[in-house]
Amino acid sequence: MSGYKQHKSPYRIKKKKPIYKNRFFWLGILFLIIFSSVFYLIFFFQFFQVKNINIEGTNKVPADSIKSLAESRLDNRVLFFRTKSIFLVKSGEIKESILNDFPQIAKAEVRRQLPDIIDISVSERVGQVTWCQEERCFSLDGEGIIFEEIFNVATDTFRIRGGAGAKPDLNLGDKITDEDKLSQVLYLESKLRDKLQTSLTEINMVSDERLNVKTPGGWEIYFNPKEDLNWQLDKLYAVLDKEIPSERINELEYVELRFGNLASYKYR
């Protein structure tokens, strides 16, 4: 017999393991279970669905109106399913909606309180003075924003009247004057009320360079808000104390303070 020897092939065909015996398969299943559980927990689990909305700081604005607006912004959809998950609450959008829909509100803060509560805190605007333009009057706050229309203004109520350059069509929430101009007007009103010992009727913001102050006696005082108001007040005090007898003050037509170093005046 020949010395021939049969050699075994170095290559073997390995049988494939069933997929369920693959550890990566089970890791994938585990990951999918964890992911699905967390997904459900975050978006659909009843424990995290918003159930209460707390409103603080309201006075004139009905709390129920703010609550209804907030509730309308809670509904979301995830994979075609509706949810009110607290994790999906868009606080910024709710805040913006409150400020846009309620001009009486100056500031709003929306906070999520886990697991199911939304806290909304608001600050309402406070009227500093009455602003009138043509036949309409409004409450004006310290930022120069009108936020509430006034339909029955008492005749003795001091008011600021918008002049020729004022915005023609007014809407609640409009900023119609800046804080500096408003501060000037309120400063003049305070100083003149103390000096004349009576409340003023109105200050008309005729232009950037003219304020007409109307007194209860019917006479007017003309100021230039772009010049030194204290200097103009000093001129007024001087002419009232030294030249115009107190018994004739209501015979005046006007006192002009805008020009020169002296105050000119005219009787009716």
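Here is how the numbers come out for the structure above:
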quantity	calculated
Amide H partners (placed H, <5 Å) of Cys137, local residues excluded	Ile150
Residues with amide H under 5 Å from that of Ala106, placed H, sequence gap 5 or more	Ser123, Glu124, Arg125
Range of Cα positions in the chain per principal axis (Å), largest first	153, 46, 29
Greater than 32 Å apart at Cα, pairs in Lys60/Lys175; Lys84/Lys175; Lys51/Lys107; Lys95/Lys181	Lys84/Lys175
³J(HN,Hα), Karplus 6.51/-1.76/1.60, whole Hz, each residue of the stretch 222-233, x for Gly, Pro	9, 10, 10, x, 8, 9, 5, 5, 5, 5, 5, 5
Most mobile listed residue (Arg77, Arg125, Arg111) in the chain, GNM with C-alpha springs under 10 Å	Arg77
For the stretch 73-82, Karplus couplings with θ = phi - 60° (6.51, -1.76, 1.60), whole Hz, Gly/Pro x	9, 8, 5, 9, 10, 10, 6, 6, 10, 7
Highest-MSF residue in the chain out of Lys84, Lys175, Lys226 [GNM, Cα springs under 10 Å]	Lys226
Solvent-accessible heavy-atom area per residue, rounded to whole Å², over the chain at 1.4 Å	66 Å²
Protein accessible area in the chain, 1.4 Å probe - carbon and sulfur %	52 percent
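The values are calculated or read from the model by the stated rules, or taken from the named source; none is laboratory data. The structure presented is a predicted model; accordingly, all values stated were derived computationally and were not measured. Note: areas computed on protein heavy atoms with side chains; ligands, DNA, RNA excluded. Shrake-Rupley method; radii C 1.70, N 1.55, O 1.52, S 1.80 Å.
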